[in-house]
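Q: There's a structure below that I have some questions on.
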Amino acid sequence: MKSDSKDKSLVMNAVSNFGGSKIVGTGNVEFGYNEMWSADDYLWNYRKIIQDNRRNNGKNTFNTVFAAYQHCRNGKEGQFRTSSALFGNATIFALGGSRIELSGDHMLYTEYFPDNKRRMSNELQKSIIHYYDFLVAYENYLRDGNAETSVNMTMEGVNVAAWDFSEPDPSKEKAEDQVIGPKPYSVNTYSTTKGNVTAIQLLNYSNFSRDNFNIRDIKETMPEPNVLLNKKIVLDDATPVARIWVASPDCFGGAPQEVVFTQNNGKVIFTLPSLEYWTMVVVEHGNKVDNSMAEVRNYILRGESFIEASNNTVPAGEAYLSFPANIGKTLQPLLPLVPVTAGITNITDNGRDDYYTVSGIKVDKPAKGVYIHKGKKLISK
């Protein structure tokens, strides 16, 4: 096909990975396209297919797109489960993959793309936009030549699980019985390196059982995440660290936040601002830069005022202001958009016969209203 149409891009669907190695091994397809069914649909398998496709294609920049239809044909109706969609996207994107899940104005429920029986909630629609914006903005940190690695990390003194890269156990016939990949009831890391940068993907499976480790969530039992805020992180890293920043599609609209850190005796210590579904931690190695301005004070728009953000965290989709610490410490918890008249105080009589409005404007002849005259408040009727 490719030889007959050299100017055309070619993609072929490896259904349940059937023929997948041969398809990508030809070198004639633009990316791997895998439609996931039944026993395919476990978290460990998504990572395996991404890596297998790269090896079989011969390029570590070769990318994979998955079709994994949410709640596919499970007989239920109503809206999609938000946690199912976001945990699925968080996992696939963090592993360096992508996903085909939208058709027109609806999310895919079956392999028949026009099927729109199930709908997205407003919350899910907004979140999906943030997730795809995030995927595009940080694609160079998520894929495109990154090499897998593992890191040792603790959160509040508890070990953070690292993704298990082991091959499937051939003695276990069912995919659901495999214990590789992520660890249940834990925050998990999936880490890669490229150049002097280590990208650590924190995936919040802290209230997941192993039964939840599937993307399509046919039973619709995917739990909501336990939101973690301002957690102390200790990372083992003996290489000098220049700066650390974090970003998440779940807050700040995906904008990066630089964090203050210390490094002593191979231990890097910093505070993780937030982790809902997924937060990316980027560690840049080299000579340390001055990050004294990294601490910020955040405010969220509420009505006609900006109010100080709870736990200094801004949810995705909110209008916000961020101030460097040296400025933020001088501000009040509430910043009104509408100018506030503080009032007139310490009025003195200078002997002049002028009239002034309460705004301090001199008038020749007062009309109805309140004025200042000879140091006293005057009401003209």
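The values are calculated or read from the model by the stated rules, or taken from the named source; none is laboratory data. From a predicted model like this one, the values you see are computed outputs, not experimental measurements. Don't worry about glycine lacking a Cβ; one is built from the backbone with ideal geometry, like all the others, and counts go over all protein chains shown.
Q: Among Val281, Val314, Val289, Val259, which is the only one that is at pLDDT below 95, farther than 30 Å from Gln79 by Cβ and under 18 Å from the mean Cα position of the chain (by Cα)?
A: On the way: Val281 fails: at pLDDT below 95; Val314 fails: farther than 30 Å from Gln79 by Cβ; Val289 fails: under 18 Å from the mean Cα position of the chain (by Cα).
It is Val259.
Q: Does Ala39 count as within 28 Å of Asn226 (Cβ to Cβ), in contact (Cβ under 8 Å) with a residue 12 or more places away in the chain and in a helix (DSSP H, G or I)? Before you say what the answer is, go through the steps one by one.
A: Working: within 28 Å of Asn226 (Cβ to Cβ): no; in contact (Cβ under 8 Å) with a residue 12 or more places away in the chain: yes; in a helix (DSSP H, G or I): yes.
Spelling it out, it is not the case that Ala39 is within 28 Å of Asn226 (Cβ to Cβ), in contact (Cβ under 8 Å) with a residue 12 or more places away in the chain and in a helix (DSSP H, G or I).
Residue-by-condition table, conditions (1) touching a Gly at 6+ places or on another chain (Cβ under 7 Å); (2) farther than 23 Å from Gly97 by Cα; (3) charged (D, E, K, R); (4) without any contact (Cβ under 8 Å) to a residue 24 or more places away in the chain:
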| residue | (1), (2), (3), (4) |
| --- | --- |
| Asn226 | no, yes, no, yes |
| Lys231 | no, yes, yes, no |
| Thr239 | no, yes, no, no |
| Ile244 | no, yes, no, no |
| Asn287 | no, yes, no, no |
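Q: Are any residues in segment 35-61 modelled with pLDDT under 95 and among the β-branched types (Val, Ile, Thr), and if so, which ones?
A: Within segment 35-61, Thr61 is the sole residue that qualifies.
Q: Only one of Thr348, Thr330, Thr341 is under 30 Å from Leu272 (Cα atoms), at pLDDT below 75 and of a type in the set (Ser, Thr, Tyr); which?
A: Details: Thr348 fails: under 30 Å from Leu272 (Cα atoms); Thr341 fails: under 30 Å from Leu272 (Cα atoms).
Result of the check over Thr348, Thr330, Thr341: Thr330.
Q: Give me the residue from segment 197-240 that is among the polar types (S, T, N, Q) and assigned to a loop (DSSP other than H, G, I, E, B) and, out of that set, surrounded by the most Cβ atoms within 10 Å (Cβ to Cβ). Don't jump to the end; show me each part of the working.
A: Within segment 197-240, the first condition is being among the polar types (S, T, N, Q), and the residues that meet it are 198, 201, 204, 206-207, 209, 212, 214, 221, 226, 230, 239.
After this cut, where a residue has to be assigned to a loop (DSSP other than H, G, I, E, B) as well, the list is 206-207, 209, 214, 221, 226, 239.
Numbers: Ser206: 17, Asn207: 13, Ser209: 11, Asn214: 25, Thr221: 13, Asn226: 12, Thr239: 13.
Checking each candidate, the answer is Asn214.
Q: While we're here: Restricting attention to segment 77-114, and to residues there that are touching a Leu at 6+ places or on another chain (Cβ under 8 Å) and assigned to a loop (DSSP other than H, G, I, E, B), which single residue is surrounded by the fewest Cβ atoms within 10 Å (Cβ to Cβ)?
A: For segment 77-114, the residue satisfying everything is Ile100.
Q: Same structure, new question: Among the numbered criteria (1) surrounded by 15 or more Cβ atoms within 10 Å (Cβ to Cβ); (2) modelled with pLDDT of 80 or more; (3) more than 25 Å from Val136 (Cβ to Cβ); (4) among the acidic types (Asp, Glu), which single criterion is violated by Glu295?
A: Here Glu295 meets the rest and fails (2).
Q: Kindly indicate whether any position in segment 4-11 is at pLDDT below 90 and in contact with a Phe, Trp or Tyr (Cβ under 8 Å, 6 or more places away or on another chain). Before the answer, list the steps.
A: Taking segment 4-11 and keeping what is at pLDDT below 90, we get 4-11.
Within this subset, residues satisfying the condition of being in contact with a Phe, Trp or Tyr (Cβ under 8 Å, 6 or more places away or on another chain) are 11.
Taking every residue of segment 4-11 in turn, at least one turns out to be at pLDDT below 90 and in contact with a Phe, Trp or Tyr (Cβ under 8 Å, 6 or more places away or on another chain).
Q: Quick check, is Lys232 more than 24 Å from the chain's Cα centre (by Cα) and at pLDDT 95 or above?
A: On the way: more than 24 Å from the chain's Cα centre (by Cα): no; at pLDDT 95 or above: yes.
In short, no.
Q: Does Ile23 satisfy being farther than 25 Å from Val179 by Cβ and part of a helix (DSSP H, G or I)?
A: yes
Q: Identify the residue in segment 135-178 that is among the aliphatic types (A, V, I, L, M) and either in a loop (DSSP other than H, G, I, E, B) or more than 21 Å from the chain's Cα centre (by Cα) (or both) and, among all such residues, is surrounded by the fewest Cβ atoms within 10 Å (Cβ to Cβ).
A: Our first condition is that a residue be among the aliphatic types (A, V, I, L, M); within segment 135-178, this holds for 135-137, 142, 147, 151, 153, 155, 158, 160-162, 175.
Next cut, either in a loop (DSSP other than H, G, I, E, B) or more than 21 Å from the chain's Cα centre (by Cα) (or both) only: 147, 151, 158, 160, 175.
Numbers: Ala147: 9, Val151: 17, Val158: 11, Val160: 21, Ala175: 15.
My answer is Ala147.
Q: For segment 225-245, does any single residue satisfy the condition of being acidic (Asp, Glu) and closer than 23 Å to Met153 by Cβ? Spell out the reasoning first.
A: Just the residues of segment 225-245 that are acidic (Asp, Glu), to begin with: 236-237.
Now drop any that are not closer than 23 Å to Met153 by Cβ, which leaves 236-237.
Scanning segment 225-245 turns up at least one residue that is acidic (Asp, Glu) and closer than 23 Å to Met153 by Cβ.
Q: Checking Asn74 against (1) closer than 24 Å to Glu139 by Cα; (2) touching a residue at least 24 places away in the same chain (Cβ under 8 Å); (3) not in a helix (DSSP H, G or I): exactly one of these is not met. Which one?
A: Tallying (1) closer than 24 Å to Glu139 by Cα; (2) touching a residue at least 24 places away in the same chain (Cβ under 8 Å); (3) not in a helix (DSSP H, G or I), Asn74 fails exactly one: (1).
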